[in-house]
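Structure first, then comments.
Just so it is clear, none of the values below were taken in a lab; they were calculated from the coordinates. Computed from a predicted model, the values in this text were never measured in an experiment.
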Amino acid sequence: MSSVAEAEDEVRKRRIRYPVLLSVGVSCYVFAVIASMFLLADDFGPLVQVPLWIVHGVILVVLIRKLGARESSAYAALFIVITSAMSAYVIGVARDDLTLQQRGETVTATVVKERLDPAQGRKGRHSYYTMERPDGTRVPGPEMETTSDRYDVGQALTVIEDPEGELRPRTPGQADATGDALGSGALALAALGAVGWMTWRGSDAASRRDPRKPPSGVRKAYKAVTGDHSTQEEQEEKLREALRTYPTDRRGYIKVHPEEYPDVPQQRAARIAWEMGLRAEAAGNRGSWRFGETVVDEVPRD
């Protein structure tokens with residue numbers, strides 16, 4: 001008996017270790033994709049990036065299904081792809097600000113020309129400003145850009161200019177990358193959090209399919225609270241009666257509460273249902289057992 005108990009304990013440990021290790025691996029993969037797409041953004045345009053994100057989403061669906069979360073794998077993968085893409089984009093914006101802060105020079109410049117984006121329906125119009133130093137030379141780089149009409153021609157501003165002329169001049173307030181960095185980090189954490197959530201969903205689904213009985217402590221607590229001291233045979237007969245008399249819901253399922261049968265494993269319940277011409281649903285039970293003539297994912301019978 002001790003060898004059997006040790007073998008079951010080892011199996012349980014492997015069941016715990018595998019999802020955890022896979023979850024860590026998927027999280028590292030998601031983080032690596034965010035970093036890679038951030039680095040590739042300067043060299044490749046949307047025509048290359050969009051297919052790469054699609055491939056990334058397909059791989060995520062496969063990996064999430066391996067975690068055991070089959071029902072919501074596509075939605076979770078889509079969420080992770082969206083948050084990852086936004087994180088890579090936002091950190092790209094922050095990179096320009098950090099670069100400007102690192103190599104830029106603070107100067108006092110005067111607005112000598114202003115223009116607006118062409119009107120396009122209700123779309124907001126950005127303003128662009130050509131700046132000149134006090135000596136009359138133009139501030140290098142593209143025009144300074146704002147999301148609203150903030151400045152007027154002839155107004156003097158303190159700006160950070162890029163000596164290499166690659167980045168737009170920005171005011172010190174505009175060049176503060178703290179908000180962008182925090183936003184990018186929050187989006188990346190949201191993507192990694194989705195991986196953790198789906199790991200939990202997968203382990204929860206696996207536990208509902210686990211043929212072992214509920215822990216003895218749970219059974220004892222249920223019996224102590226409810227005063228139900230019925231045997232497993234009596235609980236099985238109660239389940240048969242429920243399957244014979246309970247009405248079906250709009251999807252054709254008979255729903256019962258497993259806590260009312262604390263000594264009956266789900267696989268044993270599936271066998272009882274099969275003997276009565278029904279099948280046990282393994283997917284999307286949400287704390288209940290569901291039985292029907294047809295199911296999406298059948299619980300294995302003991």
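Here's how it looks for R279: its modeled amide H is under 5 Å from those of G292, E293, which are all 5 or more places away or on a different chain. Rounded, prolate or oblate: pick one for the stretch 121-187, where a ≥ b ≥ c are the square roots of the eigenvalues of its C-alpha gyration tensor, a/c under 1.5 means rounded, and failing that, prolate if a/b is larger than b/c, else oblate. Oblate is the answer for the stretch 121-187, as a/c is 1.5 or above yet b/c matches or exceeds a/b. Seen from a random direction on average, the alpha-carbon convex hull of the stretch 64-182 projects onto 10.5 square nanometres.
Using θ = phi - 60° in the Karplus curve 6.51 cos²θ - 1.76 cosθ + 1.60, the 3J(HN,Hα) couplings for the stretch 48-57 round to 9, 5, 4, x, 5, 5, 5, 4, 4, x Hz; x is entered for Gly and Pro. Give the Debye-formula value of log10 I(q)/I(0) at each listed q (0.14, 0.22, 0.30 Å⁻¹), with one equal scatterer per alpha carbon of the stretch 90-133, two decimals each. Reported log10 I(q)/I(0), two decimals: -0.57, -0.92, -0.93. Computed 3J(HN,Hα) for the stretch 265-281, one whole-Hz value per residue from the Karplus formula 6.51 cos²θ - 1.76 cosθ + 1.60 where θ = phi - 60°, is x, 5, 5, 5, 4, 5, 5, 4, 5, 4, 5, 9, x, 10, 10, 9, 7, glycine and proline marked x.
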